[in-house]
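Notes to accompany the following structure.
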Protein chains: 2
Amino acid sequence: MFNEAIPYKIYLEENEMPKAWYNLRADMKNKPAPLLNPATQKPMTKEELRPVFCDALIDQELDDTTAYFPIPEEIRSFYQMYRPSPLVRAYFLEKKLGTPAKIYYKFEGNNTSGSHKLNSAIAQAYYAKQQGLKGVTTETGAGQWGTALSMACSYFDLDCQVYMVKVSYEQKPFRREVMRTYGASVTPSPSMSTEVGRKILEAHPGTTGSLGCAISEAVEMANKQEGYRYVLGSVLNQVMLHQSVIGLETKAALDKYGITPDIIIGCAGGGSNLGGLIAPFMGEKLRGEKDYRFIAVEPASCPSFTRGTFAYDFCDTGAVCPLAKMYTLGSNFIPSANHAGGLRYHGMSPVLSQLYHDGLMEATSVVQTDVFEAAELFARVEGILPAPESSHAIRVAIDEALKCKETGEEKTIVFGLTGTGYFDMFAYEKFHDGKMSDYIPTDEEIAESVSTLPVVNE
Amino acid sequence: MFNEAIPYKIYLEENEMPKAWYNLRADMKNKPAPLLNPATQKPMTKEELRPVFCDALIDQELDDTTAYFPIPEEIRSFYQMYRPSPLVRAYFLEKKLGTPAKIYYKFEGNNTSGSHKLNSAIAQAYYAKQQGLKGVTTETGAGQWGTALSMACSYFDLDCQVYMVKVSYEQKPFRREVMRTYGASVTPSPSMSTEVGRKILEAHPGTTGSLGCAISEAVEMANKQEGYRYVLGSVLNQVMLHQSVIGLETKAALDKYGITPDIIIGCAGGGSNLGGLIAPFMGEKLRGEKDYRFIAVEPASCPSFTRGTFAYDFCDTGAVCPLAKMYTLGSNFIPSANHAGGLRYHGMSPVLSQLYHDGLMEATSVVQTDVFEAAELFARVEGILPAPESSHAIRVAIDEALKCKETGEEKTIVFGLTGTGYFDMFAYEKFHDGKMSDYIPTDEEIAESVSTLPVVNE
């Protein structure tokens, strides 16, 4: 049943693996807006960022002209543990759908953290170690980033302190245990261990937490402790840079067999996976060399792109972080408690936000029952149990493939399968038991949350 | 840090993948003893086995002369979803240990079932489908086999009824949910749905169940339902045959780079992984072409090889199955409730039992705290979270590598990393919290359990 000329799974040889990350911003005409100091409303300087971020990462964060950053050899060694990740032809899914479309997925779940997050975690841990730090603090929502970071810190012998959104902490005790296996400490957020946590708990005693709140706590703890810095698993420019390894590998694998995709699809929470996957392809589009359709898929319960506002906003609930210009639902936005998995951040990568604003990519939202239907179908035919996050991309890949079935077009669709769902079986159980809700925020709820946006004179 | 001439992870090309399973029995001078009918004590005939097993599988079960069985194309297509599995050089572990030994592991956890069990599950489901059956019944202990079989049955649209050892059913709700995702029904065993289950519950109301008991229930249900047969994930000759794909791939990968292992190590519960991994190497040894050391590693809490008796015994607690000649602790043996994970079967593959009896392989047992220490070390340096079962092999691979450190020998060690530990975080938690017990059965306990062996006149 397979095309003998093209392997079913395309693996790159070790010498074909990327030796540099690609900085998409270098090719953008309209650069993403700079981070602003909330007090002065002026662009954050390197000096202002030093208490929070590692020095080398600040350089990467602020540099929008250098196109390639060499990947240090120690990081490339670590990448070899689990990379290159396979680019898989979804033959079984195509057959099941009866579509003439050719579907490929880049599978990033083949490592213990279970997702693509490790690509940036190991880079951030490396630079923290290089700077002689003792440890790092971070937040985690669904737990993928926290797991990835704890693995990376264990590798470089760094202390790792994770603030985990309370609802996830309680629903996913095994995620916590994996982080402990790698030596991390895990605190449910909001907690009484930080000022901002105490403040939030006082105002909202029953809160189940949010990413924005956990970020505030992690940043506070990084500031408080000598030799610590804060690290973040998505949204930031530096993260998009590290995640470009996904897209670079995907492009190299496709180029090797002369395949040109028509549509590239990724789920979008903060944008790290999508930004990484599309980077080199978007670069070609920006340089006018080729054209592609890019589709960001977000949950209908947290629709930053499709129903948010493009404006400066706080990155966190406690308003301790710089302001970023992005599509946002307001930093107080908390998705319905029924929402399963990650993709629950109120904002979106400034890089992707700018590209979307400029009409260079599309976005769509899907309700979670449809997502889990796609997830289960995919699991049964392709044999991989997908994470809820990744299944947003599966849903839209299937929908696009079904459109091809109607029109008879043989489009080539590539999507990012960011991770596995082993720790999401509570959500699958709800789905099996018909207890999953498809709550969508009302216009009033979004308007109220967006009304908290800071006033910024651009 | 890597040897550029040999890839860090050796993947076979698709055209290098095995096209036939290897039947080790064909090269054995002392064949494993036949299954006996417990009533007549005569070898089970094909006709007698037909109500229980699929026809094609009976042929494979009883054939000890045909060396190679072609792998049907549909099974090879399915194998391509997750095979070839990588043979990984454990550079990071070697470095951590400071050993001159070269360690390789064959990683079978890269599929949603999380273990090697899928290799045989898909074969058994295929033959059941070929025979026009409606469905199959089976038992599962730690849950890996049940998960694998539910995936395989989903692929061929067969009904799948799983009897899951009660203690696992309760400790691993997520395992159950994965099986449901693939459409299987899961019943905790012993249950009131079978005669044998009711009998066992009456005699031992508080029992947490055992594999032997779940087997009895599954066999009874296969007999009771039109169009159903029973399938088993280990112990049987047919399973060893299917699992030979592990060893064949391993050998092809090593041969490709001219590497000859000195020691081959695998964990052993019923023997499916170990039997598969060593098959082609043991074949060379049996034919006098090469020599290798083979080490079976079993839990000290269920030590069939190292403390069992080589004799005919029941394969199940309810004594509804044929008798098999094997190393056994007695069909009533139940490992301590503290024992984590699988490897809890009272007996051992008749093929491996015969080889062990003939001095062709070694066996050793390890306590579980030592196993989890090895597991955590491995997770931290190699980045894969291993299953408790697999970690038995890791433990002994580390011990052998440390011996090399003392002697300065550059031995090549290959071990089977059968699966991932995502569903075993309860056990990891116990380990982290210092609550893991290393209970070892007393001589009296084993003597009592072995005293139930049937009297067979060979």
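The rows are residues; the columns are (1) within 14 Å of another protein chain (Cβ to nearest Cβ); (2) under 18 Å from residue A:341 (Cβ atoms); (3) aliphatic (A, V, I, L, M); (4) surrounded by fewer than 21 Cβ atoms within 10 Å (Cβ to Cβ).
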position: A:179; (1), (2), (3), (4): yes, yes, yes, no
position: A:189; (1), (2), (3), (4): no, yes, no, no
position: A:200; (1), (2), (3), (4): no, no, yes, no
position: A:204; (1), (2), (3), (4): no, no, no, yes
position: A:208; (1), (2), (3), (4): no, yes, no, yes
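Taking the options B:329, B:343, name whichever one is under 26 Å from residue B:199 (Cα atoms), in contact with an Asp or Glu (Cβ under 6 Å, 6 or more places away or on another chain) and either in contact (Cβ under 8 Å) with a residue 40 or more places away in the chain or more than 14 Å from chain A (Cβ to nearest Cβ) (or both). Before you say what the answer is, go through the steps one by one.
On the way: B:329 fails: in contact with an Asp or Glu (Cβ under 6 Å, 6 or more places away or on another chain).
It is B:343.
Test residue A:87 against the stated conditions and say whether it is among the hydrophobic types (A, V, I, L, M, F, W, C), crowded, with 20+ Cβ neighbours inside 10 Å and either within 14 Å of chain B (Cβ to nearest Cβ) or under 20 Å from the mean Cα position of the chain (by Cα) (or both). First the steps, then the outcome.
Numbers: among the hydrophobic types (A, V, I, L, M, F, W, C): yes; crowded, with 20+ Cβ neighbours inside 10 Å: yes; either within 14 Å of chain B (Cβ to nearest Cβ) or under 20 Å from the mean Cα position of the chain (by Cα) (or both): yes.
Answer is yes for this residue.
Which pairs do you get when a residue that is in contact (Cβ under 8 Å) with a residue 60 or more places away in the chain, found in the range A:247-260, comes within reach of a residue that is polar (S, T, N, Q), reach meaning Cβ atoms under 8 angstrom, with the pair 6+ apart or on two chains?
The qualifying pairs are A:249/A:85; A:254/A:260; A:259/A:412; A:260/A:412.
Residue by residue through the range B:145-199, note down the ones that are more than 24 Å from residue A:174 (Cα to Cα) and of a type in the set (Asp, Glu).
B:157, B:159, B:195
Here's a check for you: in the range A:41-57, which residue that is over 25 Å from residue A:311 (Cβ atoms) and touching a Phe, Trp or Tyr at 6+ places or on another chain (Cβ under 8 Å) is surrounded by the fewest Cβ atoms within 10 Å (Cβ to Cβ)?
Checking each candidate, the answer is A:55.
So residue B:102 clears everything in (1) more than 23 Å from residue A:91 (Cβ to Cβ); (2) out of contact with any strand residue (DSSP E or B) (no Cβ under 8 Å at 6 or more places or on another chain) except one condition, right? Which one?
All conditions are met except number (2).
Residues checked against (1) closer than 30 Å to residue B:454 by Cβ; (2) at pLDDT 95 or above; (3) buried (at least 22 other Cβ atoms within 10 Å of the Cβ):
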site: B:35; (1), (2), (3): yes, yes, yes
site: B:59; (1), (2), (3): yes, yes, no
site: B:68; (1), (2), (3): no, yes, no
site: B:98; (1), (2), (3): no, yes, no
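Looking at residue B:113 and the list (1) buried (at least 16 other Cβ atoms within 10 Å of the Cβ); (2) more than 10 Å from every other protein chain (Cβ to nearest Cβ); (3) within 30 Å of residue B:224 (Cβ to Cβ), which single condition is not satisfied?
With respect to (1) buried (at least 16 other Cβ atoms within 10 Å of the Cβ); (2) more than 10 Å from every other protein chain (Cβ to nearest Cβ); (3) within 30 Å of residue B:224 (Cβ to Cβ), residue B:113 is out only on (2).
Any idea how many residues of the range A:234-257 are small (Gly, Ala, Ser), at pLDDT 95 or above and buried (at least 20 other Cβ atoms within 10 Å of the Cβ)? Please lay out each step first, then the result.
If we filter the range A:234-257 for residues that are small (Gly, Ala, Ser), which is where we start, we get A:234, A:244, A:247, A:252-253.
Of the ones still in play, those that are also at pLDDT 95 or above are A:244, A:247, A:252-253.
Going one step further and asking which of them are buried (at least 20 other Cβ atoms within 10 Å of the Cβ), we end up with A:244, A:247, A:253.
Within the range A:234-257, residues that are small (Gly, Ala, Ser), at pLDDT 95 or above and buried (at least 20 other Cβ atoms within 10 Å of the Cβ) number 3.
Within the range B:427-458, take every residue that is free of Cβ contacts under 8 Å to residues at least 40 places away in the same chain and outside any helix (DSSP H, G or I) and give me the one that is nearest to the other protein chains (Cβ to nearest Cβ).
Among those that are free of Cβ contacts under 8 Å to residues at least 40 places away in the same chain and outside any helix (DSSP H, G or I), it is B:433.
Would you say residue A:383 is out of contact with any Lys or Arg (no Cβ under 8 Å at 6 or more places or on another chain) and surrounded by fewer than 23 Cβ atoms within 10 Å (Cβ to Cβ)?
Working: out of contact with any Lys or Arg (no Cβ under 8 Å at 6 or more places or on another chain): yes; surrounded by fewer than 23 Cβ atoms within 10 Å (Cβ to Cβ): yes.
In short, yes.
Quickly run through the range B:156-188 and pick out the residues that are in contact with a Leu (Cβ under 9 Å, 6 or more places away or on another chain) and farther than 15 Å from residue B:121 by Cα.
The answer is B:165, B:178, B:181.
If residue A:451 satisfies every condition in (1) in contact with a Lys or Arg (Cβ under 6 Å, 6 or more places away or on another chain); (2) within 30 Å of residue A:34 (Cα to Cα) but one, which is the exception?
Unmet condition: (1).
Can you name the condition, by its number, that residue B:383 falls short on among (1) in contact with a His (Cβ under 9 Å, 6 or more places away or on another chain); (2) among the small types (Gly, Ala, Ser); (3) at positive phi?
All conditions are met except number (1).
Would you check if there is a residue in the range A:403-419 being in contact with a strand residue (DSSP E or B) (Cβ under 9 Å, 6 or more places away or on another chain), within 14 Å of another protein chain (Cβ to nearest Cβ) and buried (at least 19 other Cβ atoms within 10 Å of the Cβ)?
First pass over the range A:403-419, keeping only residues in contact with a strand residue (DSSP E or B) (Cβ under 9 Å, 6 or more places away or on another chain): A:404, A:410-419.
Narrowing further to those that are within 14 Å of another protein chain (Cβ to nearest Cβ): A:417, A:419.
In the following step, the residues that additionally are buried (at least 19 other Cβ atoms within 10 Å of the Cβ) were identified as A:417, A:419.
Yes, the range A:403-419 contains at least one residue that is in contact with a strand residue (DSSP E or B) (Cβ under 9 Å, 6 or more places away or on another chain), within 14 Å of another protein chain (Cβ to nearest Cβ) and buried (at least 19 other Cβ atoms within 10 Å of the Cβ).
Taking residue A:260 as the residue in question, decide whether it is in a loop (DSSP other than H, G, I, E, B), at pLDDT below 95 and either crowded, with 24+ Cβ neighbours inside 10 Å or of a type in the set (S, T, N, Q) (or both).
no
Just for helices (runs of 4 or more DSSP H) wholly inside the range B:1-82: which have at least 1 residues that are within 14 Å of another protein chain (Cβ to nearest Cβ) and touching a residue at least 24 places away in the same chain (Cβ under 8 Å)? Walk me through how you get there before you give the answer.
On the way: elements: B:46-49, B:55-62, B:73-82.
The helices (runs of 4 or more DSSP H) meeting that bar are B:73-82.
Please go through (1) surrounded by 19 or more Cβ atoms within 10 Å (Cβ to Cβ); (2) within 14 Å of chain A (Cβ to nearest Cβ); (3) farther than 22 Å from residue B:115 by Cα for residue B:354 and return the number of the only condition it doesn't satisfy.
Status for residue B:354: all satisfied but (2).
Where in the range B:101-202 are the strands (runs of 3 or more DSSP E), entirely inside, with at least 3 residues that are in contact (Cβ under 8 Å) with a residue 24 or more places away in the chain and under 19 Å from the mean Cα position of the chain (by Cα)? Steps first, answer last, please.
Numbers: elements: B:102-107, B:135-140, B:159-165, B:185-189.
In the range B:101-202, the matching strands (runs of 3 or more DSSP E) lie at B:102-107, B:135-140, B:159-165.
Anything in the range A:120-164 that is under 25 Å from residue A:70 (Cα atoms), of a type in the set (Gly, Ala, Ser), within 14 Å of chain B (Cβ to nearest Cβ) and buried (at least 24 other Cβ atoms within 10 Å of the Cβ)? List them, or say none.
Correct list: A:121, A:125, A:148, A:150, A:152.
Output yes when any residue across the range B:371-378 is more than 17 Å from residue A:177 (Cβ to Cβ) and touching a residue at least 12 places away in the same chain (Cβ under 8 Å), and no when none is.
In the first step, residues of the range B:371-378 are kept if they are more than 17 Å from residue A:177 (Cβ to Cβ); the result is B:374.
Subset that is touching a residue at least 12 places away in the same chain (Cβ under 8 Å): B:374.
Yes; the residues of the range B:371-378 include at least one that is more than 17 Å from residue A:177 (Cβ to Cβ) and touching a residue at least 12 places away in the same chain (Cβ under 8 Å).
Got a sec? Which of B:181, B:194, B:137 is in contact with a helix residue (DSSP H, G or I) (Cβ under 7 Å, 6 or more places away or on another chain), more than 30 Å from residue B:425 (Cα to Cα) and hydroxyl-bearing (Ser, Thr, Tyr)? Lay out the reasoning, then the answer.
Details: B:181 fails: more than 30 Å from residue B:425 (Cα to Cα); B:137 fails: more than 30 Å from residue B:425 (Cα to Cα).
Just a single option satisfies the conditions, and that option is B:194.
Among the residues of the range B:428-445, are any in contact with a Pro (Cβ under 9 Å, 6 or more places away or on another chain), surrounded by 14 or more Cβ atoms within 10 Å (Cβ to Cβ) and over 27 Å from residue B:326 (Cβ atoms)?
There is at least one residue in the range B:428-445 that is in contact with a Pro (Cβ under 9 Å, 6 or more places away or on another chain), surrounded by 14 or more Cβ atoms within 10 Å (Cβ to Cβ) and over 27 Å from residue B:326 (Cβ atoms).
Which one of A:304, A:336, A:272 is touching a residue at least 12 places away in the same chain (Cβ under 8 Å) and touching a strand residue (DSSP E or B) at 6+ places or on another chain (Cβ under 8 Å)?
Working: A:336 fails: touching a strand residue (DSSP E or B) at 6+ places or on another chain (Cβ under 8 Å); A:272 fails: touching a strand residue (DSSP E or B) at 6+ places or on another chain (Cβ under 8 Å).
Testing whether each residue is touching a residue at least 12 places away in the same chain (Cβ under 8 Å) and touching a strand residue (DSSP E or B) at 6+ places or on another chain (Cβ under 8 Å) leaves just A:304.
The values are calculated or read from the model by the stated rules, or taken from the named source; none is laboratory data. Computed from a predicted structure; not experimentally measured. Note that we place each Cβ from the backbone using ideal geometry, even for glycine, and neighbour counts take in every protein chain shown.
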